[in-house]
Structure formats: C-alpha cells, structure tokens
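Okay, so here's the structure we're looking at.
The values are calculated or read from the model by the stated rules, or taken from the named source; none is laboratory data. These figures come from a predicted structure and were not determined experimentally. Heads up, the Cβs are rebuilt from the backbone with ideal geometry, glycines too, and the neighbour counts pull from every protein chain shown. In case anyone asks, the SASA skips ligands and DNA or RNA and just uses the protein heavy atoms, side chains included. Shrake-Rupley method; radii C 1.70, N 1.55, O 1.52, S 1.80 Å.
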Amino acid sequence: MNLDKIAENLDIAAIRGKAIKQISESNILSVDEAYSVQSISLSRRYLRHEHLTGLKLGFTSKAKMEQMGVHDMIWGRLTNDMSITCESEIFKSKFIHPRAEPEIAFRFSHDITEEISETNVRSIIDGVAIAIEVIDSRYENFKFSLPDVIADNCSSAGYCIGKWHDNQVDLNNKPIQLSINNNTVQIGNTVDILGNPWLSVVNAVRLALQYGVQIKKGHILLAGAATPASFIHENDVISASCIGLGDVSFRLK
Ligand code: OOG
Ligand code: MG
C-alpha cells in the first residue's frame with residue numbers, strides 16, 4: 001500500500017471516529033516513512049482549513065513507555081481543531097476510545113530557526129501551563145507499533161491548556177496529577193519527564209529542525225505525559241493540576 005493511501009485511511013478513521021487495523025499487520029514502515037504518512041495525513045487537514053498550532057512529544061517518561069510498550073521518543077503535530085476550551089464541554093462522539101493524560105505546555109516566544117541548549121531554553125519560551133491531552137489512537141484496541149503510532153500523528157486528538165505562567169516558573173520536582181470526577185487517577189512528577197520538562201523543549205526544537213517543521217511565535221508544545229493515560233467516558237469531568245501551575249479541566253458529554 002502506498003503512503004498516501006495509508007495517510008488517507010488514518011485521516012478518515014479520525015474523521016469518522018472509527019478504528020482501523022494497525023498498519024504493521026500488513027505493511028512494515030520505517031520510522032521515516034511513518035513520519036511521511038503523518039505529514040501527508042496532516043496536509044489533508046490543512047486542506048480542510050485546519051492549521052498547525054504546535055507540536056507534542058510522546059514517550060518522554062518511563063510511565064508512558066511502559067503503558068504502551070513503545071520506548072522511543074516520538075513527536076506529532078497539533079492543530080486548532082484539537083484545541084479544547086478550558087471548562088468547556090466536548091462531545092465524546094468526536095473520539096473512538098479517548099484517554100486523557102496530564103501535560104505541561106510551553107509557548108514559543110518567537111519563530112525558531114536554530115537549536116537551543118538547556119541553559120538558554122527559557123529565552124525561547126514566554127508561557128508555561130498545566131494542560132490535559134486527549135489521545136485517541138485510530139487503531140483497534142489502542143494497540144500500535146512505533147511506526148504505527150508515528151503515522152497516526154502520535155494519537156493526537158485534543159488539548160486543553162490552563163492559565164499561562166511566565167518562563168521563570170519552577171518546574172523542578174513538582175507533583176502533577178490527573179483527576180476524573182474529582183477522584184485522582186494518575187499521579188506523577190515533573191522530574192519523570194526526561195528528568196526535566198525543559199528538555200522536551202530542547203528536543204522538540206531539534207526534531208522540528210531535523211524534519212523541516214517551522215515552529216512559529218505562539219506555537220505550543222506538549223512536553224509528554226509524566227503518568228500513564230486514563231480512559232475517559234461520557235459525563236466525566238477531567239482535570240489536571242501541577243504545583244505552581246494551578247489546574248485545568250473540561251467535561252466530556
Ligand atoms: C501515544 C502518545 C504518547 C505522551 O504524552 O507520551 C503521548 C499514545 O500513548 O497513544 O502523548
Ligand atoms: Mg501526551
């Protein structure tokens with residue numbers, strides 16, 4: 001099967017909210033081919049007038065790698081269609097088998113043209129916030145190989161961002177948690193994200209330059225969850241919080 005056809009199948013699965021078989025059951029894609037599929041499938045979204053709002057990293061914590069059985073860092077694209085307004089309600093029918101995870105979001109202060117070191121990384125960020133990511137694998141049973149999940153835009157489906165804080169906020173060793181209907185379901189720590197979530201920014205910049213994706217002023221980055229993700233259901237109120245960043249929530253209806 002050609003890459004365009006695989007991209008089309010994944011795009012249609014997302015639009016219809018209907019899972020498909022893993023590509024790896026019938027086609028062995030290389031990691032580069034999988035990123036090409038991701039890019040082609042996102043081009044289809046851009047033709048429908050969606051636009052890029054930022055990037056996400058995946059598998060930046062041991063907890064996530066172990067939950068999904070994938071052990072390499074991956075990156076995906078976020079679009080305006082995935083944005084969820086804080087404290088709003090969104091329809092469960094938009095998704096197949098959605099899961100939520102607590103995230104740290106960063107906002108870029110200018111267009112990025114070169115790599116950044118850990119020492120200078122705050123200089124390219126003007127906002128840090130608590131966020132919730134909704135992931136919704138387009139594959140049956142939420143099961144995938146590394147190329148499968150890359151091709152599927154790293155399961156990206158939604159993101160909800162809390163109040164922005166400035167780039168001096170302390171992210172060192174801070175508890176972060178996910179709650180559903182006021183019950184804590186996942187607890188992690190910012191240190192679980194690559195040892196330091198600012199390293200997600202360093203890595204995202206490197207990967208964006210490597211793959212020719214333009215990070216622009218105002219784009220956001222989801223650093224990758226520190227905890228496993230939890231399934232969410234109709235009528236759930238989902239919230240995430242992190243010491244120093246406050247909390248954020250939305251409801252699934
Ligand atoms: C892939 C996305 C991983 C994260 O934060 O690690 C991810 C998945 O688990 O379906 O978003
Ligand atoms: Mg995530």
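Within the range 223-240, identify whether any single residue is under 16 Å from the mean Cα position of the chain (by Cα) and closer than 21 Å to Asn120 by Cα, and answer yes or no.
Scanning the range 223-240 turns up at least one residue that is under 16 Å from the mean Cα position of the chain (by Cα) and closer than 21 Å to Asn120 by Cα.
Give the range 1-16 a look and list any residue that's touching a helix residue (DSSP H, G or I) at 6+ places or on another chain (Cβ under 9 Å) and surrounded by 15 or more Cβ atoms within 10 Å (Cβ to Cβ), or say none.
The answer is Leu3, Ile6, Ala7, Glu8, Asn9, Leu10, Asp11, Ala14.
Look at the range 119-178 and say how many of its residues are open to solvent by 50 Å² or more (accessible area, probe 1.4 Å) and within 21 Å of Tyr35 (Cα to Cα).
Within the range 119-178, residues that are open to solvent by 50 Å² or more (accessible area, probe 1.4 Å) and within 21 Å of Tyr35 (Cα to Cα) number 2.
Open to solvent by less than 70 Å² (accessible area, probe 1.4 Å) and closer than 16 Å to Ser61 by Cα - does that describe any residue in the range 205-215?
no
Looking only at the range 179-195, count every residue that is open to solvent by 40 Å² or more (accessible area, probe 1.4 Å) and either touching a helix residue (DSSP H, G or I) at 6+ places or on another chain (Cβ under 9 Å) or of a type in the set (Lys, Arg) (or both) and tell me the total.
2
From the residues in the range 64-94 that are more than 17 Å from Arg138 (Cα to Cα) and buried (at least 21 other Cβ atoms within 10 Å of the Cβ), which one is nearest to ligand 2 (Cβ to nearest atom)?
Filtering the range 64-94 for residues that are more than 17 Å from Arg138 (Cα to Cα) and buried (at least 21 other Cβ atoms within 10 Å of the Cβ), the one nearest to ligand 2 (Cβ to nearest atom) comes out as Lys64.
Filter the range 100-111 down to the residues that are open to solvent by 10 Å² or more (accessible area, probe 1.4 Å) and touching a Leu at 6+ places or on another chain (Cβ under 9 Å) and list them by number.
Arg107
Would you tally the residues in the range 18-57 being outside any helix (DSSP H, G or I), buried (at least 20 other Cβ atoms within 10 Å of the Cβ), within 18 Å of the chain's Cα centre (by Cα) and aliphatic (A, V, I, L, M)?
Residues that pass the stated criteria total 2.
It is to be established whether one or more residues within the range 42-58 are farther than 21 Å from Ile15 by Cα and touching a residue at least 24 places away in the same chain (Cβ under 8 Å).
yes
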